[in-house]
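Below is one structure, written out as structure tokens; comments come after it.
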Amino acid sequence: MSIVDERAFYHAPVMLQECLDALNIKADGTYSDCTLGGGGHSYAIANKLNSSGTLHAFDRDEEAVAYATKRLAGVAPKFIVHPVRFGELKNEIPANTLDGILYDLGISSHQVDDSERGFTFVGNNPLDLRMDRREGVSAQDWLCNVDADTLAAALRKNADMDRAFKLATRLVEMASEIKRENREILPSDMKSAVESVFPDKRREVNGLLARVFQAIRMEVNGELKEIEDSLRAAVDCLKVGGRLVVMSYHSVEDRCVKETAAEFERACICPENLPVCMCGGNHQRLRKVNRKPILPTNEEIANNSRARSAKLRVYERV
């Protein structure tokens, strides 16, 4: 990878110091960065560990793995890369072995900035939206085969979209037309479809497009289920006293994190209609470290616009 490519790949990690503080890092501990990306958070964690420490890192994006592996070469702790989705956490890490786990959810800056990856509505590269281009169904194929009801449900669930069914119907029609023309769906096609459904919101079209791309990307990659599965596995992988640190960037992700973690915050798991606890009331496995999510400072937002919508939730294994 060239120097130019390396500079394009790098981004300033969001809420870096807050993440490090939340992990409560021990120099000889064992940690996992479940969203390696450009390696910004991993590099900072590794620099707080000594030669007795271990850092695991997960990413299914082959470009991210190549860049971050090079960037972290020579760090003091043992650095182990798992080139798989973080939903595989339970198959990669033994139970009760981690002192801390970090998730920086969403897509990396590199994936957005590189228009050839098909994640952005800027430019004219065909849609793809897969985290790993070697597997799964691309957004192209998904849009050409999905029905309006399924697409509308994805728009509502993954992006809280208004006029979801009307937009889904138009997108399905658009995909059929483009398929007959024997060409690929471009960002300009998506923009035209959105503008036709929201003629009264042309000034907001970029925000609407971002939400449409988000909804389709999350569906193509199965992101919400993967977050749920991985967070449940993370609870098993953590030692008692270990920290679970999760950063999200929009309300759908944050709601998923909050609701999944809530499953493990309850001491009693009896049905709510039972008048007396029958389960023993000793099932709590997580506790909130902070009552409310940590937000970026105004200074960080001014210096890094991608921090604007970030929320950081911190839990401790009990």
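The values are calculated or read from the model by the stated rules, or taken from the named source; none is laboratory data. Just so we're clear, the structure is a prediction, and the values are computed from it rather than from any experiment. Note that each Cβ is placed from the backbone with ideal geometry, even for glycine, and that neighbours are counted across all protein chains shown.
Do we find that R243 is over 26 Å from T97 (Cβ atoms) and in contact with a Leu (Cβ under 6 Å, 6 or more places away or on another chain) in this structure? Considered against the rule, which asks whether it is over 26 Å from T97 (Cβ atoms) and in contact with a Leu (Cβ under 6 Å, 6 or more places away or on another chain), R243 comes out as no.
Among the residues of region 203-241, write down those that are acidic (D, E) and closer than 16 Å to R60 by Cβ. Within region 203-241, E223, E226, D229 meet the criteria. Restricted to region 191-297, the set of helices (runs of 4 or more DSSP H) holding at least 1 residues that are buried (at least 20 other Cβ atoms within 10 Å of the Cβ), at pLDDT 95 or above and assigned by TED's automatic domain parsing to the domain that holds L105 comprises 223-237, 251-265.
For the residues G106, G100, the requirement of being closer than 17 Å to L36 by Cα, modelled with pLDDT under 90 and either surrounded by 18 or more Cβ atoms within 10 Å (Cβ to Cβ) or touching an Asp or Glu at 6+ places or on another chain (Cβ under 7 Å) (or both) singles out G106.
If you take the residues of region 57-77 that are buried (at least 22 other Cβ atoms within 10 Å of the Cβ) and free of Cβ contacts under 8 Å to residues at least 40 places away in the same chain, which of them is nearest to M131 (Cα to Cα)? The residue in question is D59. If the requirement is being in contact with a Lys or Arg (Cβ under 7 Å, 6 or more places away or on another chain) and farther than 30 Å from E135 by Cβ, which of these qualifies: L238, L286, L274, L208? Unique residue meeting the criteria: L286. Being surrounded by 16 or more Cβ atoms within 10 Å (Cβ to Cβ), part of a helix (DSSP H, G or I) and more than 26 Å from the chain's Cα centre (by Cα) is the filter here; which residues of region 167-188 pass it? Matches in region 167-188: T169, R170, V172, M174, A175, I178. The residue list G74, G38, G100 contains one member that is more than 21 Å from K225 (Cβ to Cβ), of a type outside the set (F, W, Y) and assigned to a strand (DSSP E or B), which is G100.
Looking across V137, V122, one residue alone is modelled with pLDDT under 95, in contact with a Ser or Thr (Cβ under 8 Å, 6 or more places away or on another chain) and over 30 Å from Y315 (Cα atoms). It is V122.
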